[in-house]
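Have a look at the structure below, then the notes.
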Amino acid sequence: MGQDTAGAAARAFRLLNSPALRQPTRNAPAERRTTSTTPAAPLDLGLLDYLNAHVDEVITHTRAAAGEPGPVPRQRADIYDWCEQVIPTTEEDQQLLLRTMLERHRLEHAVRLGDFNAIRKEFCPACGCLGLFWEDAAQRAACSNRRCRTPDGLTQRWTLARLAAQKAGGTEKWRRNAT
């Protein structure tokens, strides 16, 4: 899981950081806006905030887990490879936290890019089926299995953090339910 996850997160990060995607879209709301008396910002400030937040999170968690892991890469997209190299030098519980963060970033980047097939490849934490789909309005993955319901009879919904924790921890129910 490790190299694939870090590589996928880094590839998606590079794509999100590309100049073509940094241009502001007309329909999407921006997190920050310029005043109406000045022209619009030449790039998507919401995307820039998103990228900076993820880079800061990787640096903060990697340093917290490893103490002094070495110099931070100059290229922002290399941050995931740097984190992946540090993981084997940390304690087991810290390794799990870092792998969960990398997996969550992979899923978040995929959703941000519109690649909802990344969600379909994950197992449902409740029933173990491959029937997850992304609900944009709820910002959660939902299970399409009609038997996978909450006690109130509603569809099970999962955050990306929960899916990442399941995959990183290796606690998929499908292994237990395999026939």
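The values are calculated or read from the model by the stated rules, or taken from the named source; none is laboratory data. Here the structure is a predicted model, which is why all the values come from computation and not from measurement. Every residue, glycine among them, receives a Cβ derived from its backbone with ideal geometry; neighbour counts consider all protein chains shown.
In segment 48-70, how many are free of Cβ contacts under 8 Å to residues at least 12 places away in the same chain, on the phi < 0 side of the Ramachandran plot and part of a loop (DSSP other than H, G, I, E, B)?
Final tally of qualifying residues: 1.
Could you please let me know if residue 48 is crowded, with 18+ Cβ neighbours inside 10 Å, under 19 Å from residue 11 (Cα atoms) and outside the structural domain of residue 168 (by TED's automatic domain parsing)?
Values: crowded, with 18+ Cβ neighbours inside 10 Å: no; under 19 Å from residue 11 (Cα atoms): yes; outside the structural domain of residue 168 (by TED's automatic domain parsing): yes.
Considered against the rule, which asks whether it is crowded, with 18+ Cβ neighbours inside 10 Å, under 19 Å from residue 11 (Cα atoms) and outside the structural domain of residue 168 (by TED's automatic domain parsing), residue 48 comes out as no.
What tally of residues in segment 71-114 results from selecting those that are under 22 Å from residue 14 (Cα atoms) and either β-branched (Val, Ile, Thr) or free of Cβ contacts under 8 Å to residues at least 40 places away in the same chain (or both)? First the steps, then the outcome.
Going residue by residue through segment 71-114, those that are under 22 Å from residue 14 (Cα atoms) are 71-87, 98-114.
The next check asks that each one be either β-branched (Val, Ile, Thr) or free of Cβ contacts under 8 Å to residues at least 40 places away in the same chain (or both); those that pass are 71-75, 79, 82, 85-87, 98, 100, 111, 114.
The number of residues fulfilling the criteria is 14.
Suppose the filter is surrounded by 14 or more Cβ atoms within 10 Å (Cβ to Cβ), farther than 23 Å from residue 155 by Cβ and either at pLDDT below 90 or of a type in the set (S, T, N, Q) (or both); does residue 75 pass it?
Working: surrounded by 14 or more Cβ atoms within 10 Å (Cβ to Cβ): no; farther than 23 Å from residue 155 by Cβ: yes; either at pLDDT below 90 or of a type in the set (S, T, N, Q) (or both): yes.
The answer is no for residue 75.
For residues in segment 122-155 being more than 20 Å from the chain's Cα centre (by Cα) and among the charged types (D, E, K, R), which is surrounded by the fewest Cβ atoms within 10 Å (Cβ to Cβ)?
That would be 152.
Quick one: count up the residues across segment 156-179 that are modelled with pLDDT of 90 or more and more than 19 Å from residue 103 (Cβ to Cβ).
Residues that pass the stated criteria total 1.
Within segment 125-153, how many residues turn out to be in a loop (DSSP other than H, G, I, E, B) and of a type outside the set (S, T, N, Q)?
Start the filter on segment 125-153 by keeping residues that are in a loop (DSSP other than H, G, I, E, B), which leaves 125-131, 136-139, 144-148, 150-153.
If we keep only those that are of a type outside the set (S, T, N, Q) as well, we get 125-131, 136-138, 146-148, 151-153.
Number satisfying all stated conditions: 16.
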